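After the structure tokens below, expect a handful of questions from me.
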Amino acid sequence: MAEMQALMERLEQVVGRLELLLSAGSHRPPGDCGEINGVIGGVAPSVEAFDKLMNSMVVEFLKKSRILAGDVETHEYQEDRNDLVISETELKQVAYIFKCNKSTLRIKGKINSITIDNCKKFGLVFDNVVGIVEVINSKDIQMQVMGKVPTISINKTEGCHIYLSEHALGCEIVSAKSSEMNVLIPQDGDYREFPVPEQFKTAWDGSKLVTEPAEIMG
């Protein structure tokens with residue numbers, strides 16, 4: 001976090017310098033690119049320096065970072081890791097998992113929401129979520145709910161297996177443009193698997209359109 005704070009301070013200094021130069025440059029005649037506030041060439045050199053800063057150390061830092069802000073816990077670009085854990089959580093906190101492959105994350109406690117984005121062969125185990133768990137643009141995802149979650153959203157995902165707890169049976173599963181989805185319900189000390197429909201049929205009932213899952217004809 002100290003590194004992040006130092007980086008933010010540098011960014012604030014650069015932005016402040018740019019604002020000062022832009023303000024001074026706005027009162028100069030068009031085409032005048034002389035010295036402004038001690039900078040030869042006016043605003044252009046500072047803009048170029050700012051671009052270099054944003055395209056180098058900032059991007060690299062964000063790629064390697066695991067915490068972007070106080071309320072956002074982020075895991076990115078993790079590969080073959082089965083020891084990822086978020087143990088200190090708060091109700092206002094959200095978790096964002098991006099491009100993690102062949103890895104597993106355990107989230108303890110209660111948080112606001114979880115997003116899994118562009119992950120492959122990724123496992124998630126969590127206690128309680130007060131908002132929503134989202135799976136986006138991913139493949140071969142497994143998640144286990146130990147406590148409660150009101151909604152799980154699956155979008156543009158191929159392969160998603162959800163293990164619900166006894167306390168999470170009221171969870172709503174919302175899916176779109178996804179396939180190979182299964183919900184596993186605890187029964188008699190084991191889990192029973194139920195597929196989430198991928199195909200639907202729609203018909204006019206005389207007053208409105210009615211949509212329901214389509215039975216696969218063999």
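Exactly one of these conditions fails for residue 108: (1) more than 20 Å from residue 75 (Cβ to Cβ); (2) open to solvent by 70 Å² or more (accessible area, probe 1.4 Å). Give me its number.
All conditions are met except number (1).
Mind listing whichever residues of region 167-218 are open to solvent by 80 Å² or more (accessible area, probe 1.4 Å) and either in contact (Cβ under 8 Å) with a residue 40 or more places away in the chain or of a type in the set (A, V, I, L, M) (or both)?
Listed by number, the residues that qualify are 169, 209, 216, 217.
Select from region 121-131 the residues that are over 13 Å from residue 104 (Cβ atoms), buried (at least 17 other Cβ atoms within 10 Å of the Cβ) and not acidic (Asp, Glu) and list them in ascending order.
128, 129
Right, here's the next one. Do we have any residue at all in region 158-166 that's loosely packed, with under 13 Cβ neighbours inside 10 Å, more than 20 Å from the chain's Cα centre (by Cα), modelled with pLDDT of 95 or more and on the phi < 0 side of the Ramachandran plot?
Within region 158-166, one or more residues are loosely packed, with under 13 Cβ neighbours inside 10 Å, more than 20 Å from the chain's Cα centre (by Cα), modelled with pLDDT of 95 or more and on the phi < 0 side of the Ramachandran plot.
Ok, one more. Every residue in region 132-144 that is of a type outside the set (S, T, N, Q) and open to solvent by less than 30 Å² (accessible area, probe 1.4 Å), please.
133, 135, 141, 143
Which pairs have Cβ atoms under 6 Å, sit 6 or more apart or on different chains, and link a residue in region 120-141 that is farther than 18 Å from residue 184 by Cα and in contact (Cβ under 8 Å) with a residue 12 or more places away in the chain to one that is surrounded by fewer than 22 Cβ atoms within 10 Å (Cβ to Cβ) and among the β-branched types (Val, Ile, Thr)?
Sorted first by the residue in region 120-141, then by its partner, the pairs are 132/151.
While we're on this one: Does residue 147 satisfy being out of contact with any Phe, Trp or Tyr (no Cβ under 7 Å at 6 or more places or on another chain), at pLDDT 95 or above, on the phi > 0 side of the Ramachandran plot and open to solvent by less than 80 Å² (accessible area, probe 1.4 Å)?
Against the criterion (out of contact with any Phe, Trp or Tyr (no Cβ under 7 Å at 6 or more places or on another chain), at pLDDT 95 or above, on the phi > 0 side of the Ramachandran plot and open to solvent by less than 80 Å² (accessible area, probe 1.4 Å)), residue 147 does not qualify.
The values are calculated or read from the model by the stated rules, or taken from the named source; none is laboratory data. Only a predicted model underlies this, so the values are computations on that prediction, with no experimental measurement involved. All Cβ positions, even for glycine, are placed from backbone atoms using ideal geometry, and neighbour counts span all protein chains on display. Ligands, DNA and RNA are stripped out before the accessible areas are found, and what is left, the full protein with its side chains, is counted by its heavy atoms. Shrake-Rupley method; radii C 1.70, N 1.55, O 1.52, S 1.80 Å.
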